[in-house]
Amino acid sequence: MKRIKCVGILTSGGDSPGMNAAIRAVTRTAIYNGLRVKGIMRGYKGLIDDEIVDFKTGNVSNIVKQGGTILKTARSREFETKEGRRKAWDNMQKHKIDALVVIGGDGSLTGARIFAAEYDIPVVGLPGTIDNDLYGTDTTIGYDSALNTIVWAVDRLRDTASSHERLFFVEVMGRNAGFLALNGAIATGAEAAIIPEIATEVDQLTELIENGFRKDKNSSIVLVAESETTGGAMGMAERVKKEYPQFDSRVTILGHIQRGGSPTASDRILASRMGQQAVEALLDGQRNIMIGVDDDQLVHVPFSQAIRDDKPIDRGLLQTVKILSI
Ligand code: F6P
């Protein structure tokens, strides 16, 4: 096996708080071990367009606390083509990059897996997404920070919802995963969470209104995961208007605010540990794995598993929301 002398690092897909802490950890662990580091700007797009810079320890000074990603990020259509990946490979050769660390969500790791197989490159992935939807890891880099942003926002909405005795539908991110909605609901004492995982099995709105609402409660907050299956917060509010006009409802879409801000301590620690582990795994001859965390221990999850399987959500937590909001 070829000895690794230079590691390339990129962030791809939706950004998440803690990506910078991971970039710092990868850079410094690599340099500590005598490797060279190349920062690849704008994800796979930058690899194709040759936007590649030398990274020294100073490039990552004081970024552990910064949201976003200093490497910038993008979603590259060109990397989905063979020709695009060929250009990316040529640039890796040009810069003598022997291995890659890719920080991103399922789309980014899918790209990494295809590229690694096509050109026989050692690649290690780090789960960087606020959605927490990667299989094989208890949590992802950015999820805890996004949850805390949701708590911050919903606490404020509760004040006005109580004053006006209103029903609020608050849409949170998560594309097709209900982790932010469900745990956000527990953390804010919301009356319900509407999540895509059960959207085709149960009419969650009818269930909520028929079983869940007490007339003497002076406000209700429902966290709705954004997804076509749930219909989002707007979809819910439209239904309420038609089917339950007695409720005065409002919609708040938290949107991209959930992706920004300084990472929480948990995310900084997770990203730092995972970044160090990514480099050590590469030096140990590991490839095509994502670093995950299981019961506070770092684990190696094959790409095929991290991407393919749907990460199960603990449905018992729906009952927790229901019981605690009576
Ligand atoms: O995957 C992360 C995520 O924030 C999802 O929760 C959301 O659906 C999506 O990205 C939004 O993506 P964009 O950056 O294209 O608006």
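The values are calculated or read from the model by the stated rules, or taken from the named source; none is laboratory data. Keep in mind it's a predicted model, so treat the numbers as computed, not measured. Glycine gets a Cβ as well: all are built from the backbone with ideal geometry, and neighbour counts include every protein chain shown. Areas reflect the complete protein model, heavy atoms only, side chains present, ligands, DNA and RNA absent. Shrake-Rupley method; radii C 1.70, N 1.55, O 1.52, S 1.80 Å.
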Fill in the blank from the handout: Percent relative contact order for segment 145-259, counting Cα pairs under 8 Å at least six residues apart, stands at 40
Problem - Within a Gaussian network of the chain (alpha carbon springs, distance under 10 Å), most fluctuating of 285, 174, 105 - result: 285
Exercise for the section: Just flag the trypsin sites (Lys or Arg not before Pro) in segment 226-326 sitting in loop per DSSP whose Cβ has no more than 14 other Cβ atoms within 10 Å. Expected result: 315
Exercise for the section: Any chance you could give the angle, 0 to 90 degrees and rounded to 10, that helix 232-243 forms with the longest Cα principal axis of the chain? Expected result: 20
Exercise for the section: Note down the accessible area of residue 301, probe 1.4 Å, to the nearest 10 Å². Expected result: 10
Fill in the blank from the handout: Once both label points are put 7 Å beyond Cα along the C-beta direction, the residue 300-residue 53 separation in nm becomes 3.3
Fill in the blank from the handout: At R0 = 45 Å the Cβ-Cβ FRET efficiency linking residue 61 and residue 314, nearest 0.05, sits at 0.70
Completion exercise
Computed ³J(HN,Hα) along segment 77-90: with the Karplus parameters 6.51/-1.76/1.60, θ = phi - 60°, integer Hz and x for glycine or proline, the list is 6, 5, 5, 6, 9, 4, 5, x, 5, 4, 4, 4, 5, 4
Problem - residue 78/residue 138 FRET efficiency (R0 35 Å; Cβ-Cβ; nearest 0.05) - result: 0.55
Exercise for the section: Using amide H atoms built 1.01 Å from N in the peptide plane, name the residues 5+ places from residue 299, or on other chains, whose amide H lies under 5 Å from its own. Expected result: 292, 293, 294
Fill in the blank from the handout: For residue 244 and residue 217, extending 7 Å from Cα along the Cα-Cβ vector and measuring point to point gives, in nm, a value of 0.9
Exercise for the section: Would you work out the relative contact order for the chain, in percent, from Cα pairs under 8 angstrom that are 6 or more residues apart? Expected result: 24
Completion exercise
Measuring from the longest principal axis of the C-alpha atoms of the chain, the long axis of helix 143-164 (C-alpha) lies at a number of degrees, nearest 10, equal to 20
Problem - Partners for residue 242 among lysines (Cα-Cα distance below 26 Å; same-chain residues under 8 apart left out) - result: 215, 217, 322
